[in-house]
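Have a look at the structure below, then the notes.
Derivation of every value follows stated rules applied to the coordinates shown; laboratory data play no part. Only a predicted model underlies this, so the values are computations on that prediction, with no experimental measurement involved. Positions of Cβ are backbone-derived with ideal geometry, glycine not excepted, and every protein chain shown enters the neighbour counts.
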Amino acid sequence: MKQREPIIGVQALTDAHPTDSDCDPTGPSVSRRRFLQRSALLTGSVALPLLHSPSSLAAENVDQRLHQLGIDLPEVPASVANYVPWVREENFVYLAGQIPFLNGELLSPGKVPQDVSIEDARAAARQCGINLIAALNAACDGDLSRVRRCMRLDGFVASNAGFNQQPAVVNGASDLMVEVFGDAGRHSRTAVGVNELPLNACVEVAAVFVIN
């Protein structure tokens, strides 16, 4: 009997466990999918089609996709402490967390939503994703066609008390991975709120990839 392939969809891009805000303690529970759909509506993010095959690999035209998106990969900044921007172990590439630097300037510093709007924080998360791809490009010796899969993103959002729309912010990085790598960009994910981030950044994103 042919084994049924797993279906990987929008929920594969969400946290592993629901948060307290996903349920109404006085009434019936609200599904996590509905919660994330509401989050997506806040930023205009559209649910992506399902991945039909878990063996789908990144297309070899990644550079062309970057060009079509108007993305020029920046130089990978030197480490400012005792760590390296990436570590490659066999086929895995572990990318250190990136904050939203663009041309040497930090985008949208502060906390969400008091200092930084959800839209601006989402754009900052996208820049984190661009910086991650730049580090990945270095790990792949300049050949992004070697990328097989984005396995995981870990997103951290500097949040004011009571803010619970971190998934809507981290969608900026998640959507970018699918735009650039296609089905191979679909990933598991964590999106959490934190009290502070380095240099007063509003968001930081780390990632794990598999390459050939």
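Things worth noting here:
- FRET efficiency, E119 to Y94 (Cβ-Cβ, R0 35 Å, nearest 0.05): 0.70
- Per-residue HN-Hα couplings for region 196-207 [Karplus 6.51, -1.76, 1.60; θ = phi - 60°; Hz; x = Gly/Pro]: 9, 10, x, 6, 6, 5, 7, 7, 9, 9, 10, 8
- Ascending count of other beta-carbon atoms within 10 Å, so fewest first, for H67, H187: H67, H187
- Filtered GluC sites (Glu not before Pro), region 80-112: DSSP coil and at most 12 other beta carbons within 10 Å: E90
- Whether region 69-212 is rounded, prolate or oblate, judged on the alpha carbon gyration tensor where a/c under 1.5 counts as rounded: prolate
- Amide H contacts of R189 (H built 1.01 Å from N, under 5 Å, at least 5 apart or other chain): T14, L153
- Residue-by-residue Karplus 3J(HN,Hα) for region 104-109, coefficients 6.51, -1.76, 1.60, Hz, glycine and proline x: x, 10, 7, 6, 6, x
- FRET efficiency, Q64 to N164 (Cβ-Cβ, R0 35 Å, nearest 0.05): 0.40
- Approximate spin-label separation D72-E196, in nm, with each point projected 7 Å along Cα-to-Cβ: 3.6 nm
- With neighbour counts taken as other beta-carbon atoms within 10 Å, the residues D115, D183, D141 rank, fewest first, as D141, D115, D183.
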